[in-house]
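Here the structure comes first, spelled out in structure tokens, and everything after it is commentary.
The values are calculated or read from the model by the stated rules, or taken from the named source; none is laboratory data. Keep in mind the model is a prediction, meaning the values are calculated, not measured. All Cβ positions, even for glycine, are placed from backbone atoms using ideal geometry, and neighbour counts span all protein chains on display. The protein model used for the area step is the full one, side chains on, heavy atoms only, and it has no ligands, DNA or RNA in it. Shrake-Rupley method; radii C 1.70, N 1.55, O 1.52, S 1.80 Å.
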Amino acid sequence: RSPAGMLLVAAGILLAVAAGGRGSPTGDQESPPGSRFVCTSLPLDAAGAGCPLPPVPMQGGALPPEEELKATVLQLRETVLQQKETIGSQREAIRELTGKLSRCEGTDGKSAAGAWKNEVGKGKDTMGDLPRDPAQVIDQLSRTMQTLKDRLESLEHQLRANVSYAALPSDLREMLQRRLGDLERQLLSKVAELEDEKSLLHNETSAHRQKTETALNALLERVSELEKGNSAFKSPDEFKVSLPLRTNYLYGKVKKTLPELYAFTVCLWLRSSASPGIGTPFSYAVPGQANEIVLIEWGNNPIELLINDKVAQLPLFISDGKWHHICITWTTRDGMWEAFQDGEKLGTGENLAPWHPIKPGGVLILGQEQDTVGGRFDATQAFVGEMSQFNIWDRVLKAEDIMNIANCSINMPGNIIPWVDNNVDVFGGATKWPVETCEERLLDL
């Protein structure tokens, strides 16, 4: 045959396969997904009769035979590719169903349900609906019987022991009872001894407590007498605190504390001839800052004012053994400070802890420098001498007010810390004494 004839035969075969994949042998309805596919070979003469070629649309009139044949072959190739995709998807479905079927069926033809039941039958009968293994049941019953037998033997052994005790001779039983009675009497005697010791200890403790209370009452009476004697000052502010020794245990303590301050003025009368340096007339410490406010002359250094641990040196000279009136002012604005001695301004400066407010709630100590709040004093920094009229205001006093206080023209107690007897306690041998009058102090200058 010619090449064109062979192509026509091949096209017929492909059409027959495609028709078999798309429908039933009759071609009037689609086959269900699970239908089988039958391929039948066709004789060469039936190619034209059984598999008519699909009509090819004519474009621009009749085509030459070769072009028409090429168009038909291309169309058939597309049809075959589509059928291959359909057959491939059906093969996947067949594989999945075959896998499921193989899992449901065993090698010996038994169902999976039966196999599962056999597997369950081998395990523990938790529901009571499957029969137990007879060998297991017999073994369990044997163990139970052995346990009961052991318990019976134990009970018999205990019973024999009790019977043997009851059958003891009477003299042996009496001996045992006597031993028990002796032990009981010894125990009671020991308890009685312990009770006696407890009573003696209680009496001794009571006597000791009585002596202690008597001594404390005597001390309290003595303190009360001393307080009454110190209260005999002509006026509550006419007293001085004397710190005669350079130690770390003589000091005075101001009972009141400071509020938050943005400015202050501190004034006091003091007299000291100690060298080198008079020590620390006063210090104010707060939690976290032991040097919140400190006035100190230590060693050969000039007298210094510390605020929040910042230092300014003051041009004051007060270690000549005479009474001097000292005033110091400070404001947080630009950290400006002033120093007055005997009513006269001797120095001023700024940038001393600027914009730092004085913290409240601290401890104010007279005569000692604090390394912690209220303690850890250093004897080399202690004040030696006398002081009086320690007052603090929450503002900067005017120069004329300071002059009037220094020359005894006015008596102006501090509005934050006033100098009064019941606001100052003394410790470690520091004492309170009547102070010279203001005029007598002026004559001492």
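Of all residues in the range 72-98, those that are without any contact (Cβ under 8 Å) to a residue 12 or more places away in the chain and open to solvent by 100 Å² or more (accessible area, probe 1.4 Å) have Cβ atoms under 9 Å from Cβ atoms of residues that are part of a helix (DSSP H, G or I) and small (Gly, Ala, Ser), 6 or more apart or on another chain, in Gln82/Ala18. In the set Arg151, Arg179, Arg143, only one residue is modelled with pLDDT under 80, over 60 Å from the mean Cα position of the chain (by Cα) and open to solvent by 100 Å² or more (accessible area, probe 1.4 Å); that residue is Arg179. If only residues of the range 300-321 that are more than 47 Å from the chain's Cα centre (by Cα) and surrounded by fewer than 15 Cβ atoms within 10 Å (Cβ to Cβ) are counted, the one that is modelled with the highest pLDDT is Pro315.
Listed here are the residues, each with its yes/no results for (1) of a type in the set (Lys, Arg); (2) over 20 Å from Arg441 (Cβ atoms); (3) without any contact (Cβ under 8 Å) to a residue 60 or more places away in the chain.
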residue	(1), (2), (3)
Ile318	no, no, yes
Thr332	no, yes, no
Asn351	no, yes, yes
His356	no, yes, yes
Pro360	no, yes, no
Thr372	no, yes, no
Ala379	no, yes, no
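Scanning the range 262-292 for residues that are within 35 Å of the chain's Cα centre (by Cα) and open to solvent by less than 40 Å² (accessible area, probe 1.4 Å) turns up Tyr284, Ala285, Val286, Gln289, Ala290, Asn291, Glu292.
Residues in the range 419-433 that are open to solvent by less than 80 Å² (accessible area, probe 1.4 Å), under 10 Å from Lys240 (Cα atoms) and not β-branched (Val, Ile, Thr): Trp419, Asp421, Lys432.
Going by what's in this entry, would Glu344 be described as open to solvent by 50 Å² or more (accessible area, probe 1.4 Å) and closer than 18 Å to Val266 by Cβ? For Glu344, the condition - open to solvent by 50 Å² or more (accessible area, probe 1.4 Å) and closer than 18 Å to Val266 by Cβ - is met. Criterion applied to Ser388, Ser409 was being open to solvent by less than 30 Å² (accessible area, probe 1.4 Å) and among the hydroxyl-bearing types (Ser, Thr, Tyr), and the one residue passing it is Ser388.
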